Structure formats: C-alpha cells, structure tokens
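Before any comments, here is the structure.
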Amino acid sequence: MEWTEGAAYDALLHELRTPLGAASYALDAVARIYDGAARADAAQIAHMLWTARCGVREAQSLVRWFSQLRTIAQGSPRPDVSTVEVRTIIDRAVTLVPTAHVHVVVAADVPPVAADELWLTQILTNLLDNALKHTRPPDRIQVVARRVSRDRVLISVIDTGSGVPVDRQQEILRPYIRGTRSDDLTSQGLGLSIARYCVTAMGGDIWVESDGHRGATLSFTLPVASPEGS
C-alpha cells in the first residue's frame with residue numbers, strides 16, 4: 001500500500017461526504033417532524049437519530065484516520081517498539097469507542113508483545129470502529145487475545161454483521177474499498193488499510209475470516225516481546 005499526502009486529502013474529502021450527508025438528511029427529517037411538516041412514530045424518529053449519530057461518529061473516525069494517513073504519507077514511519085501489555089491496550093481502545101458494546105476475552109497465558117503502543121491502540125480502535133458498523137444491539141463485539149505459538153500472539157475482533165464474501169476478503173484491507181451493505185456510511189478501506197500498514201510494519205500479519213453470510217473476524221498477529229536482557 002502506498003499513500004501520498006495528496007491521496008490522504010482526497011480520501012478525506014471523498015469519504016466525508018457520505019456520513020455527513022446521512023447525518024444531515026436524518027436531522028432534517030427530524031426537524032420537519034418537530035416543525036409539524038411531517039409525521040413519524042417513535043421508532044422512526046429513533047432510527048433517524050441513530051443514523052445521524054452514526055454519520056457523525058464516522059466523520060470523527062475519518063478525521064482521525066486522516067491524521068494517521070498523513071503520518072504514513074510523510075515518510076513511511078517506523079514503529080517505536082517496546083514491551084506492551086495486550087490487555088491494557090485493548091481496554092484503552094474499547095474506552096475510545098464508547099458506543100461499542102464489547103466483550104473482551106484475554107487468555108491467562110497471553111504474554112506482552114513487541115509493538116508500538118500508539119500504533120496498537122490505533123489498530124484496535126480502527127477494527128472496533130469497523131465492527132461497530134456491522135454489529136447491532138443487543139449483539140456485542142468480541143475481542144479475543146490468545147497465544148498461538150511460542151513467539152506469536154493472535155488478537156481477533158469479531159462482529160455479527162452480514163459477513164464478507166470470500167472473494168472480497170483480501171480487497172477490503174486496501175483503501176477506497178466500500179462495504180456491500182447499503183447502510184454502511186463510510187469506506188471500510190481507510191481504517192482497515194491503516195491497520196494493515198501498522199500490523200505489517202510491526203512484523204505481524206492481518207486477515208479476515210467470514211463465511212460470507214453472517215459475521216466476520218478480523219485477526220492479526222504480533223511478536224511476543226523478548227525477555228529483558230535476552
């Protein structure tokens with residue numbers, strides 16, 4: 001994946017139109033109801049407000065992604081790798097996505113990983129943002145971390161959405177790729193492509209698993225931190 005600063009600006013301007021347009025349309029509809037120019041029941045109003053909230057949330061995510069893209073575009077930054085506690089960063093990322101209902105499972109034998117603390121937070125926040133778009137209450141997003149080998153930790157973010165077709169499971173990790181759902185308010189590709197860049201730059205792998213019908217699991221690996229002094 002290659003980004004230029006111009007491409008980052010183009011991505012931001014292009015992608016902001018959809019979530020802000022959805023939020024504006026929904027809020028205009030609510031305003032017409034309260035002005036007496038239209039009628040709707042409580043469920044319809046709730047759906048309109050939900051759409052507006054999603055639009056604003058996605059716009060905020062895009063602005064955050066833009067700052068990440070600019071950093072990438074300005075010279076392929078290298079991660080500041082240190083020893084990082086996985087549970088601590090997962091909890092921090094969950095706090096940064098307050099509207100998400102998340103169930104976290106971290107196996108007892110998960111060791112610290114060798115990672116850039118800020119980058120790992122960005123990866124998890126971007127994956128949670130993506131899962132949030134595809135998980136409706138009362139369903140919850142799951143974040144699972146476990147050790148899969150002597151030198152690797154696997155972290156997975158699981159949603160309960162409509163799934164990702166098998167033939168699209170590689171391309172959604174690239175920028176400018178939009179999801180197939182009609183109510184998907186922004187591109188999946190920006191947040192996921194940033195996550196892919198950060199994971200691979202830290203020596204890990206990232207992929208998506210789905211049967212194409214219900215739910216998707218976005219997983220990535222990171223190296224286990226070496227013991228001090230080894």
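Annotation: amide H-H contacts under 5 Å for residue 164 (H modelled 1.01 Å from N, sequence separation of 5 or more, or interchain): 211, 212, 213. Cα-based values for the stretch 5-73, radius of gyration first and Dmax second, are 15.5, 49 Å. Dipole magnitude for the stretch 74-125: computed about the Cα centre from +1 point charges on Lys and Arg Cβ and -1 point charges on Asp and Glu Cβ, it is near 120 debye.
Each reported figure results from applying straightforward, stated rules to the coordinates on display, with no laboratory input. As the structure is a prediction and not an experimental result, all values here were calculated from the model. Neighbour counts are summed over all protein chains in view; Cβ atoms, including those assigned to glycine, are modelled from backbone coordinates with ideal geometry.
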